[in-house]
Structures are given as C-alpha cells and as structure tokens.
Amino acid sequence: MGILTMRRFIFIVVFLLSVVGCVGQKEDPVNIVLKSDRSEINVTAGESAVFSVLFNGEDVTEFADISFVSGTTSDPAIDKNIFTPSEEGSWTFAATYDGYESEPLTVTAFVVQEEGKDFFRRSLVLDFTATWCVNCPRMEAAFAAAMEARPGRLVPVSVHFVDAYAVDEGTALVTKFGVSEYPTAVIDMDPSSAFTTTSSELLLSGVDKLLAARPLAGGIRMESGADGSVKVEITAVEAGDYTINVMLLKDGEIAPQTGGETNHVHNNILRQHLKAESVHLNEEETAAKTFSLNIPSGDGFKVVAFMEKGTTVNNVTFCRVGETVDYQYEENN
C-alpha cells in the first residue's frame, strides 16, 4: 500500500470513529430545583424561610438568583436566600442559574393569635391524580390558584393511582371514595364534595360549603421528629367522636407528566397514612397520640396531621419533618 493510500485509509478510519463517538453522545437533562426549609412561616415567632437551589443535584445557592414572582406584596424582601415576612400572606418565588429557571415555589406566612380565640381553620383536599392523567396538570393549577386566593387555608394531598408514586394507602382512598375519573378532588374526606372539574372557583365553593357546615373547628398541634416520631394533640370545641390521622408527603419528585412536562415537579405526594382509634371528647377536652412514620432517606418530606369528627375532617395542620407547629388562632373574632 502506497504512502498516499495509507494516509487516506488512516484519515477515513479517524473520521468514522469521530462520527460514531458523536452519535453515541447524549446530553444529560438539566434539572434546577428551588427548595425551602419550610412552606409555612410563623410571623409572630419571627421565623424565616431559607431557600436553596440545586442544579443537577449540586447545591448552587451561592451563585443562583432567587426572585419574587407573585404574592401578597409586590416586592417582598429577600436577604440573599433568606425570606423573613413581616405580615401574613402567600408569596411565590423562582430561581435562575446559568440561564435556566426553576419551577415556582410558594411559601405562606401566618400570625399566631392569643389564646381564647377561635382556632385557625384549614381544609384538607385530596387530589386523586396520576402521571398518565392528561388533565391532572390542570387540576394542579386550580389548586395553586385556590391556595393563592386563600393563603394558608388549604392543605393539598396528591393521591397517585397506578403509577410509580402509588401506595397502598392511596389505593385504599381511591376505593373508599369510588374514584373512577382523573383528576378528582375530595374535600375534608366528605364523599359528597367530590368533583372532577378543574376549576379553582368550584374548589373554593366546595370548601366554603363545608366550612359553613362546620362553624367552629377544633385545635391541633404537632411535634414531628427527625426519627419519624409524630406527636399530635387535639382540642375539641364541640363534644363528639374524634380520630387523629397523620400523613407523610413528599415534595420535589421530578418525572414526566402526561399533559405536562417531561421534567414535571410532583409535590404533596402521599407516601404513608396512619390513623388512630376514635376517642370521645367533650368540649375543650384534649387528646394526644404518638405515631411512628417510616421516613426514607432524603429531604422534601413533610407531615400532615388532621382530626376527623365523625367521618369528615374537622381541622388540619402540617409541618416539615423535624419541626413543630403549635395551636394557631384566627386573627379576627
């Protein structure tokens, strides 16, 4: 083989190897997530929310830009990555890094009132959903709009069915409420409240209907340990049979969503549901129960505690794992 022929042969081999190498290359997906160490802030206690930003799993908080998107005030003060509200309300933020923007994140703030006033009332809303459900992102948007309209008043729980996030406790709730359409929402465990229309107005209408039927709500406080222990104490304002429940939820799971995005962020995912035996309480009488949750490694977990009076939810509260939430009271009485 001549010298020129050999050079051509070597050139062709090198060229083909470079082409094959390029074809085999695949860009890694970009994942930027804005996180907060708490979703609710006690203004009375001077609490703050500390944000962090992850870029493909790496903490880039120091170099990212965290900005206000919408909320109660037009320009809330953020000191680097720390947000300390001075009033009750709800605010939404987003993070940008290296030209990429995160999904929005909402935090709410509440004011603790002096004892002797009515307990702060929240509504538990089950969102029956699935990653294969094409209309479920619309229900998720309706939830977000309703929560912005009623800061701190709604506690959503995403109950997944026949997908990677489904758990036995969620399947039991699907059976209990006879859910056959997705998405479906159920308010305060009341079967008559179930609806499938992805409307924030309809959601709030259903909430108001049940609140009118529950003029006064009991009080609830919770201590959540990092080891999975959860102590819940309730105070009744009306005599009746009460049941204490706890749920473990997971935020920040990223997975494709039909009708949404391939890197959709799934929040409030039901992972566990524990329920105590019913107890009879008289007016102003208290009861307490300690639960043990099996919390996997990682972050993004929070605990929801609620009290059922009879078969419907009387009041609900929540906090991050390792935090405590005390009795809270209405501002105006």
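A compact table of results
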{"quantity": "Subset of the stretch 272-283 (residues that are charged (D, E, K, R) and in a strand (DSSP E or B))", "calculated": "275"}
{"quantity": "Residue satisfying condition, being of a type in the set (Asp, Glu) and closer than 22 Å to residue 135 by Cβ, within set 253, 284", "calculated": "253"}
{"quantity": "Selection from the stretch 225-243 of residues that are open to solvent by less than 60 Å² (accessible area, probe 1.4 Å) and under 13 Å from residue 303 (Cα atoms)", "calculated": "225, 228, 229, 230, 232"}
{"quantity": "Search result, residues across the stretch 79-90 that are in a strand (DSSP E or B) and either surrounded by fewer than 16 Cβ atoms within 10 Å (Cβ to Cβ) or at pLDDT 90 or above (or both)", "calculated": "79, 82, 83"}
{"quantity": "Test: residue in the stretch 58-74 that is open to solvent by 50 Å² or more (accessible area, probe 1.4 Å), under 26 Å from residue 150 (Cβ atoms) and among the β-branched types (Val, Ile, Thr)", "calculated": "yes"}
{"quantity": "Which numbered condition residue 128 misses (of (1) touching a Pro at 6+ places or on another chain (Cβ under 9 Å); (2) assigned to a helix (DSSP H, G or I); (3) open to solvent by less than 10 Å² (accessible area, probe 1.4 Å); (4) farther than 30 Å from residue 85 by Cβ)", "calculated": "(2)"}
{"quantity": "Residue 129 being of a type in the set (S, T, N, Q), in contact (Cβ under 8 Å) with a residue 12 or more places away in the chain, under 18 Å from residue 42 (Cβ atoms) and in contact with a helix residue (DSSP H, G or I) (Cβ under 8 Å, 6 or more places away or on another chain)", "calculated": "no"}
{"quantity": "Hits in the stretch 225-239 (condition: assigned to a strand (DSSP E or B) and over 15 Å from residue 327 (Cβ atoms))", "calculated": "229, 230"}
{"quantity": "Selected residue (criterion: farthest from residue 53 (Cα to Cα)) from residues of the stretch 297-327 that are open to solvent by 70 Å² or more (accessible area, probe 1.4 Å) and assigned to a loop (DSSP other than H, G, I, E, B)", "calculated": "311"}
{"quantity": "Count of the stretch 35-75 residues which are among the aliphatic types (A, V, I, L, M), part of a strand (DSSP E or B) and more than 14 Å from residue 98 (Cα to Cα)", "calculated": "4"}
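Residue by residue, here is whether (1) polar (S, T, N, Q); (2) surrounded by fewer than 21 Cβ atoms within 10 Å (Cβ to Cβ); (3) assigned to a strand (DSSP E or B); (4) under 21 Å from the mean Cα position of the chain (by Cα) holds:
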| position | (1), (2), (3), (4) |
| --- | --- |
| 173 | no, yes, no, yes |
| 186 | no, no, yes, yes |
| 201 | no, yes, no, yes |
| 217 | no, no, no, no |
| 245 | yes, yes, yes, yes |
| 248 | no, no, yes, yes |
| 258 | yes, yes, no, yes |
| 270 | no, no, yes, yes |
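The values are calculated or read from the model by the stated rules, or taken from the named source; none is laboratory data. Just so it is clear, the structure is predicted and the values come from calculations on it, not from any experiment. Reconstructed Cβ throughout: ideal geometry from the backbone, glycine too, with neighbour counts over all protein chains shown. Quick note on the areas: whole protein, heavy atoms, side chains included, nothing else; ligands and nucleic acids left out. Shrake-Rupley method; radii C 1.70, N 1.55, O 1.52, S 1.80 Å.
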